[in-house]
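Undergrad: Sharing a structure, written as structure tokens. Questions coming.
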Amino acid sequence: MANLLNNYIWLADTIYKAGKISLEQINDKRRAQGYDPIPERTFHKWRKGVEDLMDISIACERKNGYRYYIENTDELKKGSLRNWLLNTMSTSNLLVENKNLKNRILVDDIPSGQTYLQPIIDAIKNGHQLELVHQSFWSDPHTSIVNPYCLRLNRQRWYLLAEKIGSGLRTYGLDRILQLKELDTKFTYPDNFDPDAYFNGCIGVIVDEDYPVQCVRIKVNKMQANYLRTLKLHESQTEIENNNDFSIFELHVRPTIDFEQELRMQGADLEVLEPEWLRCKLLENAKKTIELYGN
């Protein structure tokens, strides 16, 4: 089963990167990598497996030599679960194949959180409430009964968005859950709730209605602009001006504390132009930093 899964991942990744590709060209790549070519019947079984497992549809363009392509590429390009699955699984497959280089491929440590990932997914799927004990960074452990709405991955940490009974929506870091139990009690997921809309404009997981989505303009030097072009601060980021010395980017975000932290990480390479209140806030923070090091 593991080998079959690797084949699905390889096929989806190969077709996605190629754009459009024939079975003959796919088999050329197989041979170049030391694999046996895929018989046509097997190829169509793998196509079906990719769709069932990863929700990625491989379509066929009959003209120009029966070329295959990923039908739902728009979903793959905008940070969807499909995109995350494809990238994660293809990277995992690549690392397994090159495990002899394990001491030369370095990755960051990831906070624990996967322990409760499966039971939370089960509860979401079954429409069951959860009883959890959560330890936040600023309070003692507390027990809550919650209706699990959705999961969100941010900065290598998993978070659960859930309705705490009697208190509204809350976000729980999975790495800070001490105990968790799926209850038999059913709950009704609201038909009008849209997780994407709820997190609209958010950089991380903080949703604060005191900070409406607004236009933020930042100015960065030429070198830093290259980084921001390849790894955006937010999906809404667009470059509205550039020259030999600097670039100006515009974002539509909720400028909450996690967004401020993102900006501060850029240091002196980034200047907030608008809104004025955010510019002033970062200026005050910079003054406090100077005072700290001055003492």
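The values are calculated or read from the model by the stated rules, or taken from the named source; none is laboratory data. Owing to the predicted nature of the structure, the values given are computational and were not obtained by experimental measurement. Every residue, glycine among them, receives a Cβ derived from its backbone with ideal geometry; neighbour counts consider all protein chains shown. Side chains included, ligands, DNA and RNA excluded: accessible areas come from the protein's heavy atoms. Shrake-Rupley method; radii C 1.70, N 1.55, O 1.52, S 1.80 Å.
Undergrad: Considering only region 1-27, state which residues are out of contact with any Pro (no Cβ under 9 Å at 6 or more places or on another chain) and of a type in the set (V, I, T).
TA: Within region 1-27, I9, T14, I15, I21 qualify.
Undergrad: Just name the residue that is farthest from G204 (Cα to Cα) out of those in region 256-284 that are modelled with pLDDT under 95 and in a loop (DSSP other than H, G, I, E, B).
TA: Q266
Undergrad: For region 211-222, does any single residue satisfy the condition of being of a type outside the set (A, V, I, L, M, F, W, C), farther than 23 Å from G168 by Cα and part of a helix (DSSP H, G or I)? Show your work before the answer.
TA: Taking region 211-222 as the starting set, the residues that turn out to be of a type outside the set (A, V, I, L, M, F, W, C) are 211-212, 214, 217, 219, 221-222.
Cutting the leftovers down to farther than 23 Å from G168 by Cα gives us 214, 217, 219, 221-222.
Narrowing further to those that are part of a helix (DSSP H, G or I): 222.
Among the residues of region 211-222, at least one is of a type outside the set (A, V, I, L, M, F, W, C), farther than 23 Å from G168 by Cα and part of a helix (DSSP H, G or I), which makes the answer yes.
Undergrad: May I ask you to list pairs of residues, at least six apart or on different chains, whose Cβ atoms are under 8 Å apart, with the first in region 264-284 being under 9 Å from V220 (Cα atoms) and the second being open to solvent by 60 Å² or more (accessible area, probe 1.4 Å) and hydrophobic (A, V, I, L, M, F, W, C)?
TA: Final answer for the pair search is D269/M223.
Undergrad: Quick check, is R155 among the basic types (K, R), surrounded by 13 or more Cβ atoms within 10 Å (Cβ to Cβ) and under 26 Å from H234 (Cα atoms)?
TA: Working: among the basic types (K, R): yes; surrounded by 13 or more Cβ atoms within 10 Å (Cβ to Cβ): no; under 26 Å from H234 (Cα atoms): yes.
Against the criterion (among the basic types (K, R), surrounded by 13 or more Cβ atoms within 10 Å (Cβ to Cβ) and under 26 Å from H234 (Cα atoms)), R155 does not qualify.
Undergrad: Something else about it: Which residues, counting only those in region 180-204, are assigned to a loop (DSSP other than H, G, I, E, B) and of a type in the set (S, T, N, Q)? Steps first, please.
TA: Just the residues of region 180-204 that are assigned to a loop (DSSP other than H, G, I, E, B), to begin with: 187-194, 199-204.
Of everything in region 180-204, those that are assigned to a loop (DSSP other than H, G, I, E, B) and of a type in the set (S, T, N, Q) turn out to be T188, N192, N200.
Undergrad: Here's something else I'd like to know. Name the residues in region 125-179 that are free of Cβ contacts under 8 Å to residues at least 40 places away in the same chain and not in a strand (DSSP E or B), would you?
TA: K125, F137, W138, S139, D140, P141, I165, G166, S167
Undergrad: Could you check Y35 against (1) farther than 30 Å from N154 by Cβ; (2) among the hydroxyl-bearing types (S, T, Y); (3) part of a helix (DSSP H, G or I) and say which number it fails?
TA: Just one mismatch for Y35, condition (3).
Undergrad: Quick one: count up the residues across region 1-24 that are under 13 Å from A59 (Cβ atoms), open to solvent by less than 30 Å² (accessible area, probe 1.4 Å) and assigned to a helix (DSSP H, G or I).
TA: Initial filter on region 1-24 (under 13 Å from A59 (Cβ atoms)): 12, 15-16, 19-21.
This time we only want the ones that are open to solvent by less than 30 Å² (accessible area, probe 1.4 Å), so: 12, 15, 21.
Still in the list and also assigned to a helix (DSSP H, G or I): 12, 15.
Looking only at that region, the number is 2.
Undergrad: Please specify each residue of region 217-268 satisfying the condition of being open to solvent by 70 Å² or more (accessible area, probe 1.4 Å) and of a type in the set (G, A, S).
TA: A268
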